[in-house]
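Notes for the one structure printed next.
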Amino acid sequence: MRFSININLMSIQRIANSIITRLLLIGVAVVLMGAVGRYFTLTTFLAEDLSRVFASQQESLASYVARDVDYKIVERQVLLRKMAESLPLELLSRPDALRQWLGERYPLQPLFSHGVFVTDQTGQPLADFPPSPLRATVNYGDRDYIRTALAGDFAVGRPVVGRVAQVPVLPMAVPIKDASGQVRAVLAGVTALNAPGFLSLAQQSRIGEGGGFLLVSPRDRLFIASSKPEMALKPTPPEGVNPLHDRAMAGYRGSGVTVNAQGVEEISAMASVPSTGWFVVARIPTAEAFASVFRAKYLVTLGSAGAVIVFIILSSISLLFIFRPLLRAADQADRMTRGDLPLEPLTVVREDEVGSLTMAFNRLLAKLQVNQMALEQAAHHDPLTGLPNRTLLNDRLTQALARAQRNGTHMGVLYLDLDGFKPINDSLGHEAGDAALVEVARRLGAVVRESDTLARLGGDEFMMVMEDLDTAPERAEAAACAVATKCLKALEAPVTLQHGACRIGLSIGIAVGDGHSAQDDLRTAADDAMYKAKQSGGHRYQLATPPGTDRAAA
């Protein structure tokens with residue numbers, strides 16, 4: 001009997017504490033007048049909230065697609081540069097041998113769907129792969145990317161309908177230089193805009209029913225790709241037609257509401273593609289984004305009839321009392337958002353829906369803090385080995401140079417590339433390769449001092465940054481070489497994998513600099529020295545030296 005009474009009392013207390021009960025009591029008094037208040041409150045809040053949400057969503061989508069496009073461009077740029085650096089110059093006078101050389105490398109990474117070709121200094125093709133008889137009859141000296149490459153720079157050309165491919169393509173080119181830095185020829189690659197996996201996110205993805213993406217080249221005033229195929233390779237609208245587009249062409253990156261050239265109001269967000277100067281536009285019509293607002297207005301309007309003033313007076317007084325804890329919680333949360341208060345759980349005033357919402361917010365806040373830590377970890381570390389990635393390495397290298405300049409000491413950059421790693425992937429599979437990389441990272445990590453940084457650049461490439469080596473360059477170089485020797489010894493023992501033990505070598509390039517050295521110079525010097533060590537037989541280190549001096553690899 002007492003148990004039954006306790007249950008009834010708890011139920012009564014729960015009902016009495018319920019915010020729904022209080023709103024129902026107000027609703028009984030004002031009947032339909034509450035609908036008017038809900039109309040203004042709900043629709044205004046929903047419109048503002050949806051506007052922020054969609055703007056943030058569009059920016060995220062545009063950034064994601066822009067990063068994807070940038071990755072595809074940089075990937076092709078790196079491939080062209082590596083091919084140009086490794087191309088024997090004597091092949092320029094032997095077209096058949098040059099074509100064979102291109103054919104041996106093209107299938108390894110067929111990023112250029114319509115092939116690669118080499119031109120001389122006048123733009124006349126010397127060799128291409130896959131071979132095309134028509135290409136030999138075309139002189140490319142008038143193409144912008146060929147002219148830029150002949151001037152000594154990497155170039156991404158204007159998207160055009162290819163003379164040979166007869167479809168919309170994106171050409172790019174790099175100079176082929178001799179040892180003195182003189183441009184001897186140009187290596188170019190051509191990719192169809194609709195090639196699988198190239199610009200597919202910008203061309204095939206849609207946002208809702210009427211939204212999508214645009215890839216724009218401000219330099220060429222051209223739509224490169226679009227979710228609407230008919231817009232590809234069309235000129236951008238003239239100034240004054242779309243104010244937000246005009247701002248984007250001038251360099252603005254963000255979001256906003258605008259009316260496009262077709263007269264449709266839409267929410268648009270722009271994000272840059274750094275490697276080309278292009279930008280991606282993610283857009284969705286406001287009619288579609290705010291469809292729920294329009295439906296809410298229609299439904300609430302049907303139920304809203306009369307007595308607005310009475311409702312505003314009665315409900316404002318009542319709701320002010322009821323939602324006071326929520327307003328306090330919202331104010332506290334807003335101040336935390338602005339940074340006026342530290343992130344901490346909100347105070348639970350009452351055990352009603354507001355209290356439940358507050359507790360839910362506190363749980364969400366705790367989860368967001370955990371997720372933020374995980375995101376920061378993922379953003380700065382390699383997911384396989386747990387080592388710092390390129391982003392964190394760049395920051396550590398900047399700090400090391402600043403500290404070297406401040407303390408008057410030297411610092412070192414070690415570029416490490418594994419020898420014999422590819423056969424492991426080819427014969428034992430990528431899982432074995434990943435296990436080998438983890439073991440290599442563990443061994444190298446045991447060599448690194450706490451003040452130094454070991455990072456994975458990708459694949460089987462690592463880089464080590466050593467700080468505060470010494471004020472004297474000779475002793476600094478000796479310290480870096482000593483660490484390189486330890487790294488080589490760390491990999492002398494076979495790596496035990498599931499399918500047996502295997503040996504992995506290590507080629508190391510060392511560059512030592514002071515606080516006045518440039519990051520790119522140190523990286524390039526270490527990279528060049530590493531290649532010299534690898535060409536000398538591998539599993540050794542090579543110290544980068546100034547021009548005119550020679551140092552043997554260890």
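From the list Gly458, Gly513, exactly one residue is modelled with pLDDT of 85 or more and either of a type in the set (Lys, Arg) or under 28 Å from Val78 (Cβ atoms) (or both). Which is it? Steps first, answer last, please.
Numbers: Gly458 fails: modelled with pLDDT of 85 or more.
Answer to the selection: Gly513.
Among the criteria (1) buried (at least 19 other Cβ atoms within 10 Å of the Cβ); (2) in contact with a Phe, Trp or Tyr (Cβ under 9 Å, 6 or more places away or on another chain); (3) in contact (Cβ under 8 Å) with a residue 24 or more places away in the chain, the one Val169 does not fulfil is (2).
Scan the range 85-119 for residues that are acidic (Asp, Glu) and surrounded by 15 or more Cβ atoms within 10 Å (Cβ to Cβ) and jot them down. It would help to see each step written out before you state the result.
Restricting attention to the range 85-119, the residues satisfying the condition of being acidic (Asp, Glu) are 85, 90, 96, 104.
Within the range 85-119, no residue meets the criteria.
For the range 247-276, filtering for residues that are over 21 Å from Arg158 (Cβ atoms) and surrounded by fewer than 18 Cβ atoms within 10 Å (Cβ to Cβ) leaves 12.
Of all residues in the range 493-501, none satisfies being in a strand (DSSP E or B) and touching a His at 6+ places or on another chain (Cβ under 9 Å).
Does the range 434-473 hold any residues that are among the basic types (Lys, Arg) and not in a loop (DSSP other than H, G, I, E, B), and which are they? Explain how you work it out, then say what you get.
Residues of the range 434-473 that are among the basic types (Lys, Arg), as a first pass: 442-443, 449, 456.
Within the range 434-473, Arg442, Arg443, Arg456 meet the criteria.
The set of residues in the range 417-433 that are outside any strand (DSSP E or B), aliphatic (A, V, I, L, M) and under 24 Å from Lys489 (Cβ atoms) comprises Ile424, Ala432.
Considering only residues of the range 396-427 that are surrounded by 13 or more Cβ atoms within 10 Å (Cβ to Cβ) and of a type in the set (D, E, K, R), which is farthest from Arg540 (Cα to Cα)? Restricting to residues being surrounded by 13 or more Cβ atoms within 10 Å (Cβ to Cβ) and of a type in the set (D, E, K, R), the top hit is Arg403.
Within the range 497-518, residues that are not assigned by TED's automatic domain parsing to the domain that holds Leu418 have Cβ atoms under 6 Å from residues that are among the aromatic types (Phe, Trp, Tyr) and assigned to a strand (DSSP E or B) in no pair, counting only partners at least 6 apart in sequence or on another chain.
Okay, residues lined up against (1) in a helix (DSSP H, G or I); (2) within 30 Å of Phe213 (Cβ to Cβ); (3) without any contact (Cβ under 8 Å) to a residue 60 or more places away in the chain:
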site	(1), (2), (3)
Val65	yes, yes, no
Val69	yes, yes, no
Leu80	yes, yes, no
Ala84	yes, no, no
Leu91	yes, no, yes
Arg99	yes, no, yes
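The values are calculated or read from the model by the stated rules, or taken from the named source; none is laboratory data. All values reported here derive from a predicted model rather than from experimental measurement. Glycine gets a Cβ as well: all are built from the backbone with ideal geometry, and neighbour counts include every protein chain shown.
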